[in-house]
Amino acid sequence: MISWNRAPFPPYWMQGRIEIERPTADVRPPCPRRRRRTPMPAPWPPQAALIRVWRRSIPGAALAPIVALTVALAAGAAAAQVADPPLPPPAKPNVTHVALTAAGIESGDTSGTARVLVSGAITDVALAMRPVAALPLPPGAKPAVPRATEADLIAAAGFDPDEVGYLVYDLDTGEYLAGHNATRANFLPASVMKVPTTVAALSVLGPDHAFPTLVRFDGVQQGGTWRGTLTLVGGGDPVLDSDDLRELVATLKAAGLERLDGAFVYDDSALIAATSLEPTQPAEFSYNPGLSALSLDFNRVRVQWDGDIVRFVETHGTPPVAPIRLERDYNPAVRWPAGGAMLRHTFAPPGTRDAQGPVTERWSMAPLAPPRGAMWLPVKAPAPFVAAVFRALADEADIALPEPAPALAPARGPIVAQHLSPRLDSIVAAGLKHSNNLVAELLGLATTRHLEGRPLPIADSAARLEGWLAETFPWVDWTGFHMANHSGLSPDSRASPEQIVSILRYAVDQHPRAVDYLALMPARHFPKAEAQPVASRVRAGGFEPAVWAKSGTMYHGRGLAGVARAASGNRLVFAVFTSDLEARAAFDGEYLHYTRGAVRDAKRELTRARDLEHALLLKWSREH
């Protein structure tokens, strides 16, 4: 709005100046010293201007150009009013129609959705004038991350492809899912060899088979004194313990025996005894004891020493009366290499005795061995050990027996006491879970004794089981398969993934005696995949398969065979082996069992092999 100065004279600083101001569209400035007239039509043309001239400050000669300018401006304004009016501005878009069109709804739609959009339509004209943006497209699919292949996992574990073999079979669809070097019988099975041994034992002997331990008496019973020969007869019970022997003693006590006037002998002729399970393994290792039809507590004893004082410890209720001696060797003529074995074993000559009684075995300890310690000693002559314990238990029951001696002929006379082992299927379950070598060897020997009708040595018995497998599975290629013994303890045994998978397929799904072999296999638990270098490469989404499997471990040889439950619910029969035969041959040839560097490297290799097994099982179980 224009402001008018109504002072009679302008200030000194405005004299000789002209004020040109544009009025608003609907207001005409009042004329000074006149009454207000009717306002001019609005809007005024933009060219109109108000000029106020202060007469006193402008001379007459200078007023003429100003008047001429005013007349010219007025003429232009009149001409503009006479000319055609300007075109109206373009019509504004219908905001509601734009909103409905962008939402994909016709203006004629009377649904609730349309009413909601109309009620919420944009009313801001400035926003409505903007161009309508198209609806955003959905985001494109992310590129798929390639899954790690078996070859990738093998390379990540640091193995050469020729050192790894595996085979996976879907038991529910009958399809082979994966395989690599599956038919090459060039792998160390280790304790996986217990699978064919136990499958054969269950098939030949039956799941309800039990091993007897007997006491026979050939003579005359006169009250509490029995005159004659009392014989302890072993039946190859793999899990015989001191409680079972106490059961036999209690039976004799109940029969009235108080004193034996005659001979107490032991008979282990049901099987051919051996002083070790595997000659190539160190004799002092507790997993390599002797073998006999009379075996007790897995044929090992606990010993402690403090300086030169050595004593045997009662374990599992077994009195420490083994005819075994342990002494520190100070003989300067005997050489004990540094870093080597600290124990050496010898058999005492027959009839050897000392102040403590009969002696059958002697162990020598290196002079540089720790001053105090404890360990498990393997029993190399189990039968006299069992007889000595039986005599001590009889003494606890106030039954006097003479010192035991080996039987010179098969036992005769009626059975006066008997103990039966647990069922074979429960023995198999425990043997697979704890991977006990003695149990596997005794089961294998009992199986071939049943097949042949006579006992066989370990090597011959293992060869007989090879023949039984070939007869039972004629469709399998058994080329290269070799059982050096029944437990897999030998580095000379060989097997292929296909051969082991075929045995498992038979045991789990086709066993003629309806044995639930899967229920006998131990559950396998793995560490978290995220913590494993190779298993973490498999994108399993936290999935962990249920696995029942038998593992096998020896330096430079690792195996795992069993059944895995896949994400689909199907049962996957598998076998995985990793073997470095050259490294194993060097390990045995140079006898590196006590070389720290060689043992350390071999253990690291086993760690990588376990990680690879976990990764492969995750991959197969997640993808099938």
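The values are calculated or read from the model by the stated rules, or taken from the named source; none is laboratory data. Computed from a predicted structure; not experimentally measured. A quick note on method: Cβ atoms are made from the backbone with ideal geometry, for glycine too, and the neighbour counts reach across all protein chains shown. The accessibility values were calculated without ligands, DNA or RNA, using every heavy atom of the protein model including side chains. Shrake-Rupley method; radii C 1.70, N 1.55, O 1.52, S 1.80 Å.
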- [ ] Check cross-link reach from residue 528 to the aspartates and glutamates: straight Cα distance under 14 Å, and skip same-chain residues fewer than eight apart.
- [x] 544, 611, 613
TODO: For residue 287, tell me the accessible area in Å² from a 1.4 Å probe, rounded to the nearest 10.
DONE: 90
Task: Restricting segment 515-624 to GluC sites (Glu not before Pro) in coil, as DSSP defines it, with at most 10 other Cβ within 10 Å - done: 590
- [ ] Would you mind checking which residues have amide H under 5 Å from residue 328's amide H? H placed 1.01 Å from N; only 5 or more apart, or other chain.
- [x] 365
Open item on the list: What value in Å³ per residue do you get for the convex hull of the alpha-carbon atoms in segment 467-624?
Closed with: 132
Task: Unsatisfied cross-links (Cα-Cα over 32 Å) in the set 194/603; 253/433; 194/619 - done: 253/433
TODO: Compute the signed sum of charges (Lys and Arg +1, Asp and Glu -1) over the other residues within less than 11 Å, Cβ to Cβ, of residue 368.
DONE: 0
Task: Inter-label distance for residue 426 and residue 452, nm, one decimal - labels placed 7 Å from Cα along Cα-to-Cβ - done: 3.1
